[in-house]
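Read through the structure below, which is laid out as structure tokens, and then see the notes.
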Amino acid sequence: MASRTVAKDIITLRGSAAIVSEFFGYAANSILYNRGVYPEESFAKVKKYGLPMLLTQDEEWLEAGKLQRVVMVIMSKATKEVLERWNFSIETDSDVVEKGVSREKSDREIMREIQAIMRQIASSITYLPCLDEPCVFDVLAYTDTDVPVPFTWIESDPKLIANPQMVKLHSFDTKIHKVDTLVSYKNDEWDEQ
Amino acid sequence: MDPETEFLSSKRQTGNEWELFKENVRPLKRGRNVDLLNHALKAHTNDQLKKSLLENRRRLIEAIDEYQGDDPLQPWLDCIKWVQEAFPPGGDFSGLVLIYEQCVRAFWHSDRYKDDLRYLKVWLEYAEHCSDAEVIYSFLDANDIGNTHSAYYIAYALHMESKSKMKAANDILNLGISSNAQPIEKLRDAYKKFLARSMRRPNATEEELKEDDLPVRSFGTVLARGESQRQAIKTFELGRNKLKQDQVHRTPLSIYNDTNMDVMRGHHSKPSTGSNSWHTLGGRAERNKENNAMPAKWTSHKIPQRPVPRIVGAVASSQIEVFVDEECEEKPKVHDEKDRTSSLQLRELDGRNIKKETELLRENPLRNFPSNSLPR
């Protein structure tokens, strides 16, 4: 009388890393698109060649349990001033990493949580300042200190915003990786150019 | 620890009213403070909070009066920012348009603020709320306000572009660049984007020639100009109410003029053009029909009664507010820097017909300005 395990409810470390990495892809695309960082015409190009390269590295780090945070930084192209920071902070279940156990959670549930975050990202124009100048973006990865820096990445300062306004969005949890989302942006200045 | 890390590691959450009521929130260019926003949205359904909001507004208005420092514009800005955050949908009931108007009118003659970017921004935001902002831009031009800032030229040019006056827009941007308005890069960038857009436009040479924008007057016998003038038929409503409340209109809906229409549609109809010639007087019976016709039901339309929405801040009393005409009330002294009497008017926001005043200002933003200040 062995109970039937629904295969898709089992989450492995690798599976979870894949889900989280995929989420970063969706989120990053959504942010760049919604915030107008790239004009619509060049967006397809960015999607194909820009982001995936950044994100395969994330997946590796996630599997090793060494990724702490991924931050997407949006800056003014002209002045390089940081205007917005999209923070995705990750808590990894160390048991899973060390002992290779798996967890249980339905895919659908996870997807629902992710969708809730995606909806919030799109709705954020409600409070985010208008980005009416050309902008560029950067992806920062916060890793454990013992992680060597791959050659496609460089060490960087955190590019923080001084006195930011901050909004915490929903989080999602695969039971192996828990991801919190926070967006921070510059305070309003009535006399800013 | 940086503030973000601190926030992330704490158990603090941000309320989610902003997401639940996002349709009721007008996005601001400068962004919003989410905590204030959530608070304001909660106030929608909470009388206690609503009262405290109104109390706050009153205090900020008083602060304008009582300000003793050397930057009298600042308390106005504090008030404006607060009203924008506290009344997320904006709209005619927030009193925002009135505050803009009084603020700009308080300082238009002041040399001190001619080049102040903050002051210019109040003007620009006021312009965004008006049905035709061109008169505002002309005013700024005639009075040398804000012409060292790129924001002025960009906004002015965008407005002209929206009216398809491409040459004017082009000239304005060029003027800004040659005047070295700051920040110059932003202006150059805006110009590049403008050029790209104008390339994509279908050739609109007709509009180019008509720099004179007086409306063509017609008396019901001329068909509405071109298909591009078609607008949705304005819903007839008894009394002016909710139609424009939650929308920031730059232009009011114009009424589609169908000359074949001979069914009475309330007060907005034009007389039927069945017999549009004045050459025949018609038979006696026809001439006298108003006196002979039996009253009949309006069979074609049933106008639903809509309850008049509560004006924010109005006390629920059975009295009807008597609107006092501009001419009959005290004229505020425009030249007083502290401008006590004009903020007295503001204080009366609570008791007054905010919406009516807002609508009047939208249509004629400079109506309170002395006539010698207006551009010829």
Residue check, B:L96 surrounded by 20 or more Cβ atoms within 10 Å (Cβ to Cβ) and more than 30 Å from B:K50 (Cβ to Cβ): no
All positions within segment B:140-164 that are among the hydroxyl-bearing types (S, T, Y) and either over 22 Å from the mean Cα position of the chain (by Cα) or in a helix (DSSP H, G or I) (or both): B:T148, B:S150, B:Y152, B:Y153, B:Y156, B:S162
Unique match (being surrounded by 18 or more Cβ atoms within 10 Å (Cβ to Cβ) and either over 26 Å from B:L77 (Cα atoms) or modelled with pLDDT under 90 (or both)) among B:A169, B:A181: B:A169
Hits in segment B:6-27 (condition: surrounded by 15 or more Cβ atoms within 10 Å (Cβ to Cβ) and either facing chain A (nearest Cβ under 8 Å) or basic (K, R) (or both)): B:F7, B:L8, B:T14, B:W18, B:E19, B:K22, B:V25, B:R26, B:P27
Restricting segment B:165-184 to residues that are of a type in the set (D, E, K, R) and part of a helix (DSSP H, G or I), the residue that is nearest to the other protein chains (Cβ to nearest Cβ): B:D171
Segment A:109-147, subset within 21 Å of A:E91 (Cα to Cα) and charged (D, E, K, R), residue surrounded by the fewest Cβ atoms within 10 Å (Cβ to Cβ): A:D146
Residue within segment A:87-95 that is modelled with pLDDT under 95, more than 26 Å from A:R35 (Cα to Cα) and surrounded by fewer than 13 Cβ atoms within 10 Å (Cβ to Cβ) present: yes
Close pairs from segment B:133-148: first hydroxyl-bearing (S, T, Y), partner assigned to a loop (DSSP other than H, G, I, E, B), Cβ under 8 Å, at least 6 apart: B:S138/B:P375; B:T148/B:D115; B:T148/B:S179; B:T148/B:A181
Pairs, first within 12 Å of chain B (Cβ to nearest Cβ) in segment A:108-134, second part of a loop (DSSP other than H, G, I, E, B) and aliphatic (A, V, I, L, M), C-beta under 6 Å, six or more apart: A:I117/A:L169; A:Q120/A:L169; A:T126/B:V25
Residues of segment B:29-40 classified as buried (at least 20 other Cβ atoms within 10 Å of the Cβ) and at the interface with chain A (Cβ under 8 Å from one of its Cβ atoms), total: 4
Count of residues meeting criterion [under 26 Å from B:R32 (Cα atoms) and either of a type in the set (D, E) or facing chain B (nearest Cβ under 8 Å) (or both)] in segment A:135-160: 3
Segment A:164-186 - residue that is within 8 Å of chain B (Cβ to nearest Cβ) and polar (S, T, N, Q) and, of those, nearest to the chain's Cα centre (by Cα): A:S184
Looking only at segment B:49-76, and only at residues there that are among the hydrophobic types (A, V, I, L, M, F, W, C) and surrounded by fewer than 18 Cβ atoms within 10 Å (Cβ to Cβ), the one that is nearest to B:E359 (Cα to Cα): B:L54
Number of positions in segment B:99-129 that are at pLDDT below 90 and crowded, with 19+ Cβ neighbours inside 10 Å: 2
Residues located in segment B:1-55, provided they are in contact (Cβ under 8 Å) with a residue 24 or more places away in the chain and among the basic types (K, R): B:R26, B:R32, B:K42, B:K50
Subset of segment B:115-164 [away from every other protein chain (no Cβ under 14 Å) and on the phi > 0 side of the Ramachandran plot]: B:D144, B:S164
Residues (within 22 Å of A:E189 (Cβ to Cβ), of a type in the set (D, E) and more than 14 Å from every other protein chain (Cβ to nearest Cβ)) located in segment B:44-93: B:D70
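The values are calculated or read from the model by the stated rules, or taken from the named source; none is laboratory data. None of these values were measured; they are calculated from a predicted model. Glycine also receives a Cβ, built like all others from the backbone with ideal geometry; neighbour counts cover every protein chain displayed.
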